[in-house]
Every structure is written in structure tokens, then in C-alpha cells.
Amino acid sequence: MRRSTRTPRPGWQETVESYGLIYHSPNGNRYWDESAFYEFTSFEIDKIEAATNQLQEMFLAAGQHVIDKNRFAELHIPPHAERLIRVTWESEPHAIYGRMDLAYDGGEIKLLEYNADTPTALLEAAVIQWYWLQDVFPHRDQFNSIHERLIAKWKELLDYLPGTLVFAHMDDAEDWSTITYLQDTAAQAGFKTANMLMKDIGYSNGQFIDAQDDHLRSCFKLYPWEWMMHEEYGTLVEAADTLWVEPAWKMMWSNKGILPILWELYPNHPLLLEAYQHSPRSMQYYAKKPLLSREGNNVTVVTPNGQE
């Protein structure tokens, strides 16, 4: 793994905007940064891929463990969500994607967390960096095939998700870009799609409805399940027949409380960082995370000298 520096492309702002990345400089701070890039060997990529596959199996085991041992309270999952998680786990509804955040120094790989419910950075990884690569290194390749795999996965769901596939999101530039890109991949796969804000989803006669008061039969939501469970209609999700993507069982994996459970099930595993629910035990340097947060909010780093 090698980090290299490079002069950004002239007019890069307009270039990335033309591909949908409109939040490249939020509040004047550069988010999309072309002044550095990382190069990996095929061996390193194979190592990362193998690690993610292994971690996925471990998360499956951890999810089953939470259900079998009824450990929902440790994750602060409300009681009315427990049955919904059990039902969706057993019925195995389709999931589209998730994002594992890994630390990698060219040697060890460590899991930091798993955003399995509402991951962003999708447009950047699938599209924006690809066009950057074509512009600056046209004879090289990127290792991910996110775009092609998304379309292939949506095609698998054509007979599973009925009616118009509605893509729902918050009124936020980053979420809008992500949802628009996902909607485009679904349309390329053959779906009839629509787009709406989460706040415009209604409820009538035992069913969720869209902005046109039509029955909402299939919905991809870029909106956390834990928020839905605490809102007015959260207790009614199971009774309605809307098929939601991502499925409700993802509440277990996107919760930071799954990390101590993984460490308990796989102590000293080389892909895991030491993690505990309450006491840091003998650790002097550690990150303290809330069970639920977005964009890394409320995370503190603790050292022997205090918190940073």
C-alpha cells in the first residue's frame, strides 16, 4: 500500500459535480480531495476482500447469537423492534449493501465498525474515483466493481420487490446524491422507480402511502431503522406489508454494541479490536463510541492524559 501525492485536476469541482458529487466542499472544507491517492497491490486487495468475507460470516454468527440469547437490551433496541428483527432475520429478505470501515496499514487489518443500514460514500467509491482514474491514469484499474454488482443485485430483486420501487431519504445533499445514484442503478436493472422524502411517507388504512397517497409496496430508505422505531408509526411497520430495503435486522449490525459481542464470541481475533460494553478493562488508549451515531458524532479518543 502506497500513498502518493498529485496536483488536483483543473476545474475538478465542476467535473465531480457533473457526475453528481455536489457536496465536495461542505462549509468551505474540502471533502473530495485529489491531492493524494492510495495504490494497492492485487495481493493487498485480495487480503482485504478475504477479511471482509470472514467478517461478514462473523457478523452473521453474532446476529444469530443476539437473537438466540435475547441480547437486544444491550443494544438499546426497543421491545417493539425485537419481533420485527426476528421475523426479518428468519424470512431472509434481500439486502443491498453495507460498508465496513477497516483500519489497514499494509500489514494488519482491523474492523472499526460496520455501517450496515445507511452507508454513504457509495457514489464516491463507485463513480467519482473511477472517472478520476480514467482522467489521470487511463491505463490503470480500480479493484472494486460496485456499480456492476449493484445493478446485478437489483436484477435479482425484480421479482421480489412489487410495484414501483420508491427511494426515500432526508432533505440532505449527501443523502440525495447517494439515493439518486442508487435509484439510477435500480432503473438500469429494470425497475420502475420514484423518489421522495421520508417525511412525506404517510399511513392510511393499515398501510404506508407515498406522496400521491398510493400504497407504498417497496421502499429503499436511506434512513436509520432506529429513528423509524422511535417515530409515530414505528410500531406499525410489522403490520403493514411494505417491503423495506435495508431489512430491519440490520439494526443489530449498525449498532456499535455488536462490537463487544463480536469480541466476546471471537476473543483476540486478528481482525477485531478489543471492545467492551462498559468498562475499558485494562486498556489505556481506546475510542469511546455511542451505540448509535452518524458521521462519527460523539466519538472520543481516550489516552492516559485524558480525552481528545
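The values are calculated or read from the model by the stated rules, or taken from the named source; none is laboratory data. Predicted model, so just to flag it, every value in this text is computed and none were measured. Neighbour counts run over all protein chains shown; Cβ positions are idealised from the backbone, glycine included.
General remarks:
- Residue among Glu113, Glu124 that alone is assigned to a strand (DSSP E or B) and surrounded by 16 or more Cβ atoms within 10 Å (Cβ to Cβ): Glu113
- Exactly one residue out of Ala36, Ala61 is under 18 Å from Leu271 (Cβ atoms), of a type in the set (A, V, I, L, M) and out of contact with any helix residue (DSSP H, G or I) (no Cβ under 6 Å at 6 or more places or on another chain): that is Ala61.
- Cross-chain or 6+ apart pairs with Cβ under 6 Å, region 37-57 first and touching a residue at least 60 places away in the same chain (Cβ under 8 Å), then among the aliphatic types (A, V, I, L, M) and surrounded by fewer than 16 Cβ atoms within 10 Å (Cβ to Cβ): Phe40/Met1; Glu44/Met1
- Sole residue being closer than 30 Å to Tyr266 by Cβ and not in a helix (DSSP H, G or I), chosen from Ile96, Ile67: Ile96
- Wholly enclosed strands (runs of 3 or more DSSP E) of region 210-306 bearing at least 2 residues closer than 26 Å to Ala81 by Cβ: 218-221, 243-245
- Pairing each residue of region 149-166 that is basic (Lys, Arg) with any residue that is surrounded by 16 or more Cβ atoms within 10 Å (Cβ to Cβ), provided the two are 6+ apart or on different chains, yields C-beta distances under 7 Å for Lys153/Ile96; Lys155/Ala189.
- The residues of region 140-179 that are polar (S, T, N, Q) and at pLDDT below 95, listed by number, are Gln142, Asn144, Ser145, Ser177, Thr178.
- Within region 191-217, residues that are of a type in the set (Ser, Thr, Tyr) have Cβ atoms under 7 Å from residues that are at pLDDT below 95 in these pairs: Tyr203/Tyr233; Tyr203/Leu236, counting only partners at least 6 apart in sequence or on another chain.
- With a requirement of 1 or more residues that are aliphatic (A, V, I, L, M) and closer than 24 Å to Ile22 by Cβ, the strands (runs of 3 or more DSSP E) lying completely within region 148-206 that satisfy it span 165-169, 193-197.
- Residue that is farthest from the chain's Cα centre (by Cα) [pool: residues in region 74-106 that are among the small types (Gly, Ala, Ser) and either at pLDDT 95 or above or surrounded by 14 or more Cβ atoms within 10 Å (Cβ to Cβ) (or both)]: Ala81
- Residue match in region 264-271 (condition: hydroxyl-bearing (Ser, Thr, Tyr), touching a strand residue (DSSP E or B) at 6+ places or on another chain (Cβ under 6 Å) and touching a residue at least 12 places away in the same chain (Cβ under 8 Å)): no
- Flag if Arg9 is surrounded by fewer than 16 Cβ atoms within 10 Å (Cβ to Cβ), over 23 Å from the mean Cα position of the chain (by Cα) and in a strand (DSSP E or B): no
- Hits in region 140-168 (condition: under 18 Å from Cys219 (Cβ atoms) and among the polar types (S, T, N, Q)): Thr164
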